[in-house]
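Here's the structure we're looking at; comments come further down.
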Amino acid sequence: MRTFADIDELVAATGEHLGHSDWLTVTQDRIDGFADATGDHQWIHVDRARAADGPFGGTIAHGYLTLSLLSYFGPRVFRLARPPRMGINYGLNKVRFLQPVRAGARVRDGIELADTKETPKGVLLTLAHRVEIEGGERDALVAETLSLYVP
């Protein structure tokens with residue numbers, strides 16, 4: 001966990017790799033819960049028996065589940081000792097799902113502070129994420145997120 005004193009110190013780190021999260025196991029229970037929350041019960045995610053004979057040899061996490069984990073990983077990679085009044089998810093510049101995450105796999109996020117921009121409302125951070133699968137040949141996901149830190 002990398003700690004910055006304040007937003008100015010974080011902005012000074014623009015272009016730097018901020019670190020990696022710890023590994024997180026993507027359990028079938030988490031996948032099932034995501035399926036229930038979104039209504040996406042496609043068999044490749046929730047039907048263990050059918051998925052065992054499918055193209056991935058078992059169930060896989062929804063791509064959007066993997067994407068949603070960025071909210072979990074971010075605060076475990078870096079923080080501000082004096083946090084802003086609020087942080088707002090401002091959107092995405094790009095997302096690519098490169099490899100499926102099988103149930104039981106462990107994933108972690110590496111984050112780079114790609115860019116910062118002062119705006120009238122606060123500081124807009126562009127964060128480059130690479131979610132890797134433990135032992136995997138390729139990343140599961142690459143994404144560029146936008147977060148607005150409001151002082």
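Readers should treat all values here as calculations from the given coordinates under stated rules, not as data from a laboratory. This one's a predicted model, so the numbers in the text were calculated from it and none came from an experiment. Positions of Cβ are backbone-derived with ideal geometry, glycine not excepted, and every protein chain shown enters the neighbour counts.
Each of ILE60, ILE44, ILE31 was scored by other Cβ atoms within 10 Å of its Cβ. Arranged with the fewest first, they read ILE44, ILE31, ILE60.
Note on HIS41, HIS20: ascending count of other Cβ atoms within 10 Å places them as HIS41, HIS20, the fewest first. Mean separation of Cα pairs under 8 Å and 6 or more residues apart, divided by the residue count, gives the chain a relative contact order of 29 percent. Restriction of the chymotrypsin sites (Phe, Trp or Tyr not before Pro) in region 54-135 to DSSP coil positions whose beta-carbon has at most 16 other beta-carbons within 10 angstrom yields PHE56. Rounded to the nearest 20, the Cβ-based charge dipole of the chain about its Cα centre (Lys and Arg +1, Asp and Glu -1) stands at 140 debye. In terms of surrounding Cβ atoms within a 10 Å radius of their Cβ, THR25, THR66, THR126 rank from fewest to most as THR25, THR126, THR66.
Helix 63-77 sits at what angle to the longest principal axis of the chain, using alpha carbons and giving 0 to 90 degrees rounded to 10? The two axes meet at around 40 degrees. Between the Cα long axis of helix 28-38 and the first principal axis of the chain there is an angle of about 70°, rounded to the nearest 10. Applying the criteria of a DSSP loop state and at most 12 other Cβ atoms within 10 Å to the trypsin sites (Lys or Arg not before Pro) of region 35-91 yields ARG85.
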